[in-house]
1. Determine how large the accessible area of residue 15 is when every protein chain is in place; take a 1.4 Å probe and give Å² rounded to the nearest 10.
2. Would you mind computing, in nm to one decimal, how far apart the modelled labels at residue 28 and residue 56 are, each placed 7 Å from Cα along Cα→Cβ?
3. Might you work out the accessible area of residue 9 for me, using a 1.4 Å probe with all protein chains in place, and round it to the nearest 10 Å²?
4. At 1.4 Å probe size, with no ligands or nucleic acids counted, give the accessible surface of residue 34 in Å², nearest ten.
5. Roll a 1.4 angstrom probe over the protein heavy atoms and tell me the percent of accessible area of the stretch 1-43 that is carbon or sulfur.
6. Put 17, 37 in order of accessible area, largest first, 1.4 Å probe: what do you get?
Amino acid sequence: MSQQALEQFVTQIADSEELRTQIEGQLDSDGEMSMDELIELGAAYGCDFSVDDLNEAAELSDEELDGVAA
(Lines give C-alpha, C1' and ligand atoms only; values in the text may rest on other atoms or scores of the structure.)
Protein backbone atom coordinates (compact mmCIF):
# COMPACT_ATOMS: atom_id res chain seq x y z
CA MET A 1 0.00 0.00 0.00
CA SER A 2 2.83 2.41 0.79
CA GLN A 3 4.38 2.07 -2.66
CA GLN A 4 0.99 2.92 -4.17
CA ALA A 5 0.77 5.96 -1.89
CA LEU A 6 4.20 7.09 -3.11
CA GLU A 7 3.09 6.71 -6.73
CA GLN A 8 -0.07 8.69 -5.93
CA PHE A 9 2.03 11.45 -4.35
CA VAL A 10 4.30 11.61 -7.41
CA THR A 11 1.18 12.02 -9.56
CA GLN A 12 -0.05 14.79 -7.26
CA ILE A 13 3.30 16.56 -7.60
CA ALA A 14 3.09 16.36 -11.39
CA ASP A 15 -0.47 17.71 -11.38
CA SER A 16 -0.09 20.49 -8.80
CA GLU A 17 1.96 23.62 -9.37
CA GLU A 18 1.20 24.62 -5.77
CA LEU A 19 2.69 21.38 -4.45
CA ARG A 20 5.79 21.75 -6.65
CA THR A 21 6.23 25.31 -5.36
CA GLN A 22 5.90 24.06 -1.79
CA ILE A 23 8.57 21.42 -2.41
CA GLU A 24 10.88 23.97 -4.04
CA GLY A 25 10.51 26.15 -0.95
CA GLN A 26 11.75 23.30 1.25
CA LEU A 27 14.88 22.52 -0.76
CA ASP A 28 18.19 23.18 0.95
CA SER A 29 21.10 25.10 -0.55
CA ASP A 30 22.14 21.98 -2.49
CA GLY A 31 18.67 21.66 -4.02
CA GLU A 32 17.80 18.63 -1.91
CA MET A 33 15.06 17.75 0.55
CA SER A 34 15.34 15.22 3.37
CA MET A 35 13.39 12.00 3.13
CA ASP A 36 11.67 12.83 6.43
CA GLU A 37 10.46 16.17 5.06
CA LEU A 38 9.19 14.49 1.90
CA ILE A 39 7.40 11.79 3.91
CA GLU A 40 5.78 14.46 6.13
CA LEU A 41 4.66 16.43 3.09
CA GLY A 42 3.26 13.29 1.49
CA ALA A 43 1.30 12.52 4.65
CA ALA A 44 -0.11 16.06 4.63
CA TYR A 45 -1.48 15.26 1.17
CA GLY A 46 -2.94 11.91 2.28
CA CYS A 47 -0.11 9.74 0.97
CA ASP A 48 1.57 7.62 3.64
CA PHE A 49 4.85 6.06 2.52
CA SER A 50 8.14 5.18 4.17
CA VAL A 51 11.87 5.64 3.74
CA ASP A 52 11.96 2.05 2.47
CA ASP A 53 9.42 2.96 -0.23
CA LEU A 54 11.57 5.92 -1.30
CA ASN A 55 14.70 3.76 -1.37
CA GLU A 56 12.93 1.07 -3.39
CA ALA A 57 11.71 3.66 -5.88
CA ALA A 58 15.25 5.06 -6.19
CA GLU A 59 16.67 1.58 -6.78
CA LEU A 60 14.12 0.93 -9.50
CA SER A 61 15.04 4.22 -11.12
CA ASP A 62 18.74 3.25 -11.09
CA GLU A 63 17.91 -0.13 -12.62
CA GLU A 64 15.78 1.52 -15.29
CA LEU A 65 18.62 3.92 -16.09
CA ASP A 66 21.07 1.02 -16.35
CA GLY A 67 18.70 -0.71 -18.76
CA VAL A 68 18.57 2.36 -20.97
CA ALA A 69 22.35 2.79 -20.90
CA ALA A 70 22.98 -0.83 -21.93
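1. Spelled out: residue 15, probe radius 1.4 Å, area about 130 Å².
2. Here the modelled spin labels are 2.6 nm apart.
3. My reading of the accessible area for residue 9 is about 0 Å².
4. Surface accessible to solvent at residue 34 totals approximately 50 Å².
5. Working: 1410 of 3040 Å².
It is 47 percent, rounded to a whole number.
6. Numbers: 17 130, 37 75 Å².
If we order 17, 37 from most to least accessible, we get 17, 37.
The values are calculated or read from the model by the stated rules, or taken from the named source; none is laboratory data. Fair warning: this is a prediction, and the values are worked out from it, not measured in the lab. Note that each Cβ is placed from the backbone with ideal geometry, even for glycine, and that neighbours are counted across all protein chains shown. For accessibility, only protein heavy atoms count, side chains too; no ligands or nucleic acids. Shrake-Rupley method; radii C 1.70, N 1.55, O 1.52, S 1.80 Å.
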